[in-house]
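Remarks on the structure that follows.
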Amino acid sequence: MTSPKRLSQEQQRSLERRLKAGDERALGELFDLVAPWILGLAFRILRDEDEAEEVVGDVFVQVWRHIDQHDGGRGPIIPWILSIARNRSLDALRRRRRWWRKSAHVEQAHAAETGDIAPAAPHEAAVPGWPLHREVHAALATLAEEQRRVVLLSYFEGLSHREIARRLHQPLGTVKTRLRMAHQKLTEGLRHLKDWVE
Amino acid sequence: MTDWLGMLAAPRTPRRELKGRVVARALARRRRWGGPLAAAAVITLILGGGAWWAYRTIGRLTAERDGLVTRVQALEDTVSTFIHGPATRLIQIPVSTGGRVGSVTIFADSARHRWLVRCDGLAPNARDQAYQLWFITDRGMATAALMPMDEDQPMVMGLEMPRADQRVMGAAMSIEPRAGSASPSGPMVFHLLL
């Protein structure tokens, strides 16, 4: 098995500094580092390779133009980029839902979206950030099944509390409680990822 | 912290050509705005600099104009006082300097003990020389003014007459060293007893 590639905190800061200085080569390095994860996340949400690639393009445009908005003191750059990728993907998903509401395609996608999420295959271990992937999965695995479900619906589908309650046929208060407890556990479980250090 | 949840999804290896496309798109977006922004910044800088220069220049010229207006008014007052004063005496002295014929006109106001002197047609001085005007008093020659003249143009000046205990009996003008002399030593331009 290929040994996992990692990124030290200092490398991450250096990359951020170079991006802020307008170093175009740093953009290419950032792509090599996070594009697989952005593409994976976008594909997980959109279930469409072309749309996912479009999201990757949008994310890099936004990162390159607004890198100054990222406050390095508030955390690493990678989660910031992932949050952009998630928002862009959910925007695309909502646009698609609006326009293709009655399409069978949506039903098909819907069936896929409600499925659980499995860890990546071991051959992907060469992708930078692989250890994080495993850490996050491990943290998710500590949640009860009903908590994990609401987290996935909220994160990957961008559903509101009310929409999740409707989808799961559960009271709104129950959904809120499960989400709150899940977030507490995840925050606790992922606290050591504050800095992505070797 | 939940932003890390994005790492839950399995990574997908991008197609080989995606990197070039994405990076080119991101850079093009910044470059597309970079040109016009830089041009706008330069234009703003030029306009701002021009406006600042104009503001400074107008201010300087206004101050200069105000100064000249004040000076002209003062001269007008002085001339008017001399010309129309009941105790003013007008003396016009033809002079010849450097082969040219000119004149020195004196408005002598004995009431205010002031003279207004206008010189016309005097030849410009040599570099190391100057015209020096003298009061002829009952105690001897007293310097009235030193007038280095480098250009061929009229000269007007107001002069205070010597102290009350000296009686002014006439005027004289000589050519002296540029720093002036304590008593006339050079060629005399005119010497006139009033």
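The values are calculated or read from the model by the stated rules, or taken from the named source; none is laboratory data. All of these numbers come straight from a predicted model, not from anything done at the bench. Heads up, the Cβs are rebuilt from the backbone with ideal geometry, glycines too, and the neighbour counts pull from every protein chain shown.
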Determine the pairs where a residue that is under 25 Å from A:Phe156 (Cα atoms) and assigned to a loop (DSSP other than H, G, I, E, B), located within the range B:1-27, has a partner that is small (Gly, Ala, Ser) and modelled with pLDDT under 85 with Cβ atoms under 8 Å apart, the partner being 6 or more residues away or on another chain. B:Ala10/A:Ala118; B:Ala10/A:Ala120; B:Ala10/A:Ala121; B:Pro11/A:Ala120; B:Pro11/A:Gly129
Look at the range B:107-129 and say how many of its residues are modelled with pLDDT of 90 or more and either in a loop (DSSP other than H, G, I, E, B) or β-branched (Val, Ile, Thr) (or both). 9
Kindly check whether there is at least one residue in the range B:87-103 that is of a type in the set (S, T, N, Q) and under 30 Å from A:Ile78 (Cβ atoms). no
Test of understanding: among A:Leu41, A:Leu15, A:Leu19, which residue is assigned to a helix (DSSP H, G or I), more than 11 Å from every other protein chain (Cβ to nearest Cβ) and hydrophobic (A, V, I, L, M, F, W, C)? A:Leu15
Pull out all pairs, ordered by first then second residue, where Cβ-Cβ is under 7 Å, the residues are six or more apart or on different chains, the first lies in the range A:61-80 and is under 12 Å from A:Glu16 (Cβ atoms), and the second is surrounded by fewer than 17 Cβ atoms within 10 Å (Cβ to Cβ) and acidic (Asp, Glu). A:Pro76/A:Asp195
Among (1) modelled with pLDDT under 90; (2) in a loop (DSSP other than H, G, I, E, B), there is one condition B:Met157 misses while meeting the rest; what is its number? (2)
Of the candidates A:Glu49, A:Glu24, the one satisfying the condition of being surrounded by fewer than 23 Cβ atoms within 10 Å (Cβ to Cβ), free of Cβ contacts under 8 Å to residues at least 24 places away in the same chain and at the interface with chain B (Cβ under 7 Å from one of its Cβ atoms) is A:Glu24
Counted residues, the range A:144-163 - those being within 11 Å of chain B (Cβ to nearest Cβ) and surrounded by fewer than 20 Cβ atoms within 10 Å (Cβ to Cβ): 1
Across the range A:163-186, what is the total count of residues that are over 21 Å from A:Ser89 (Cβ atoms) and part of a helix (DSSP H, G or I)? 14
Selected residue [in contact (Cβ under 8 Å) with a residue 40 or more places away in the chain and among the basic types (Lys, Arg)] from B:Arg139, B:Arg127: B:Arg127
Go through (1) surrounded by fewer than 22 Cβ atoms within 10 Å (Cβ to Cβ); (2) modelled with pLDDT under 90; (3) within 15 Å of the chain's Cα centre (by Cα) and name the single condition A:His70 misses. (3)
Members of the range B:82-92 that are under 31 Å from the mean Cα position of the chain (by Cα), surrounded by 12 or more Cβ atoms within 10 Å (Cβ to Cβ) and not aromatic (Phe, Trp, Tyr): B:Ile83
For the range A:67-101, which residues satisfy the criterion of being out of contact with any Phe, Trp or Tyr (no Cβ under 9 Å at 6 or more places or on another chain), facing another protein chain (nearest Cβ under 9 Å) and in a helix (DSSP H, G or I)? A:Trp80, A:Ser83
